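The block underneath contains the structure these notes are about, expressed in structure tokens.
A short reminder: the numbers here are calculations on the coordinates, not readings from a lab. Just so we're clear, the structure is a prediction, and the values are computed from it rather than from any experiment. No Cβ is skipped: glycine too gets one built from the backbone with ideal geometry, and neighbour counts run over all protein chains shown.
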């Protein structure tokens, strides 16, 4: 029973790290320039490791433009899955579909389907920019709407929003983020610029450390918890490595495949 609990915490930590990366690596700007550093067909694949154990993979995709509420919208997808070995103990099949307006000014819809062992969650977040509010729903049960700060994004859309932003060592990253239950200003520091090797390839990167004060779960349980994120220093701003250490162990996510750039 204790081993099952640790496995569950470990995978939830892996998912939370990816979630925090997408939530907090977001920079304040004066508007969208319209010069997208991504395009439909882009696909980024990451290998997820818990200590020395290969736990699974996460994939980020840019899908073709679609419509939401009769308006054109960007469509982003994130999937996370455990591998065959971990499936024997705690099978994970998660998917997020995020939609942002065509000009990348804010989110317009969000869907999250979680399948982790016996745990199941079907989340939808509805955005109403006339009333400036969002409403969270899980398995058909809706919570009360929450007010939205202007320019708020769901965490996945936020990841794509920041990819045309300028970064420099010593700067602070700020942006309103919402999961439908709360709306906060995510914060992170751009610590330094450095060259790292991932999968035998060298990358010129910025090291970013998010502030975890708005994050619960295993991060709240670990007083010294930190996440380190390395993103490419070019105009694409692609995360190539994610690293964390919390109460249930260490986690590393490495970029292993890039398609459609």
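Side notes on the structure shown:
- Potential extension, residue 95-residue 71 segment - 0.36 nm per residue separation minus Cα distance: 6.3 nm
- The base-10 log of I(q)/I(0) for the stretch 58-168, evaluated at q = 0.15 Å⁻¹, reads -0.72 [Debye formula, identical scatterers on Cα atoms, solvent excluded].
- Two-site label geometry, residue 183 and residue 258: point separation in nm, points 7 Å out along Cα→Cβ: 3.5 nm
- For residue 45 and residue 142, the difference between the fully extended length at 0.36 nm per residue and the C-alpha to C-alpha distance is 31.6 nm.
- Inter-label distance, nm, simple model (7 Å from Cα along the C-beta direction), residue 122/residue 201: 3.8 nm
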